[in-house]
């Protein structure tokens with residue numbers, strides 16, 4: 001929890017130039033609030049549309065603000081979000097605002113010590129309504145998770161290595177606890193109730209601030225030895241890349257095919273572009289790029305083509321190893337719709353092994369419910 005003294009001295013920084021990711025904000029581990037908007041938006045008192053904001057209890061330096069191109073706002077009234085209702089559960093704050101927009105972000109306190117106990121408290125509140133009849137508990141976690149439910153570190157939650165399934169079983173008395181990586185669990189949900197219905201061999205590609213993946217073989221999640229099955233965003237697709245990925249590597253797929261990566265490609269192109277274009281240097285988001293593509297903008301089409309080449313060729317490599325029946329594309333970038341698929345399918349077919357060319361390409365349909373459905377499916381499989 002944030003105490004009253006901390007609330008009185010909160011410093012908020014709006015991110016205006018690129019989607020929020022590990023490499024786009026300073027000192028991510030010391031941030032108490034990180035809020036990402038699904039789409040860039042205009043807020044009162046901020047002169048540019050924003051991707052979200054970060055809050056700290058200490059002020060950033062002028063050099064940090066300028067280097068990361070942030071817009072500062074000092075909060076002195078104890079309110080970290082204007083006009084919003086808030087439910088606080090120690091480490092996790094779920095806050096909702098006007099209409100249907102929802103924001104979820106994590107506050108890491110004591111290395112995530114209270115997250116599971118707070119989840120258990122929530123479960124206990126519901127037990128009576130279900131008359132104690134709980135078939136099991138399904139959980140998706142943003143980090144590598146082994147087949148036995150052990151998380152192998154989770155930076156976003158502040159966790160080190162431990163068995164989440166054993167801990168939850170001990171705290172709740174529920175024996176059937178299933179835990180998986182959040183992207184893998186979302187893939188399972190899409191196979192069961194979404195874009196992958198009717199297929200048992202599937203690769204889900206999630207294009208958000210990063211690139212995530214989930215691999216389903218014969219209806220089951222492919223976890224791998226170390227829980228890292230499906231980390232397709234960190235396939236190396238460019239050996240010549242000098243910029244560093246958030247993982248510390250170079251040339252990772254997510255440097256080109258994520259929302260952040262698409263913005264990066266657009267910025268590089270716009271540095272020397274002289275042709276007329278709908279795109280502006282003030283808004284080079286993935287959404288702006290694909291909106292311009294739909295208007296026939298040549299510069300935007302070239303950015304989308306470059307992104308599609310990286311992704312399509314990488315997916316051809318995935319298909320050669322895993323032989324899926326379908327690729328399901330999800331994440332915020334997938335909101336571009338069918339036009340996105342057209343930029344992926346052509347380069348895929350150029351590089352794919354002949355036996356893989358019958359693969360289908362579909363858009364995800366469940367949105368944020370994919371993980372919920374997948375977690376339920378984990379439990380129901382037993």
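The values are calculated or read from the model by the stated rules, or taken from the named source; none is laboratory data. Just so we're clear, the structure is a prediction, and the values are computed from it rather than from any experiment. Backbone-built Cβ (ideal geometry, glycine too); neighbour counts: all protein chains shown.
Remarks
- Among the residues here, residue 100 qualifies as surrounded by fewer than 16 Cβ atoms within 10 Å (Cβ to Cβ) and either in a loop (DSSP other than H, G, I, E, B) or modelled with pLDDT under 65 (or both).
- Within segment 250-269, considering residues that are part of a loop (DSSP other than H, G, I, E, B) and either touching a helix residue (DSSP H, G or I) at 6+ places or on another chain (Cβ under 6 Å) or surrounded by 23 or more Cβ atoms within 10 Å (Cβ to Cβ) (or both), the one modelled with the lowest pLDDT: 258
- Subset of segment 347-369 that is touching a residue at least 40 places away in the same chain (Cβ under 8 Å) and part of a helix (DSSP H, G or I) - its residue that is farthest from residue 138 (Cα to Cα): 356
- If you check 372, 329, 301, 344 for being assigned to a helix (DSSP H, G or I) and crowded, with 21+ Cβ neighbours inside 10 Å, only one passes: 344.
- Selection within segment 136-164: residues that are touching a helix residue (DSSP H, G or I) at 6+ places or on another chain (Cβ under 6 Å) and part of a loop (DSSP other than H, G, I, E, B). The member of this set that is nearest to residue 377 (Cα to Cα) is 136.
- Screening 145, 205 for residues that are within 27 Å of residue 287 (Cα to Cα), modelled with pLDDT of 80 or more and crowded, with 18+ Cβ neighbours inside 10 Å leaves exactly one candidate, 205.
- Unmet criterion (only one of (1) on the phi < 0 side of the Ramachandran plot; (2) at pLDDT below 95) for residue 230: (1)
- Test for residue 306: is it at pLDDT 95 or above and over 24 Å from the mean Cα position of the chain (by Cα): no
- Matching residues, segment 165-186, being over 13 Å from residue 371 (Cα atoms) and either free of Cβ contacts under 8 Å to residues at least 60 places away in the same chain or in a helix (DSSP H, G or I) (or both): 165, 166, 167, 168, 169, 170, 171, 172, 173, 174, 175, 177
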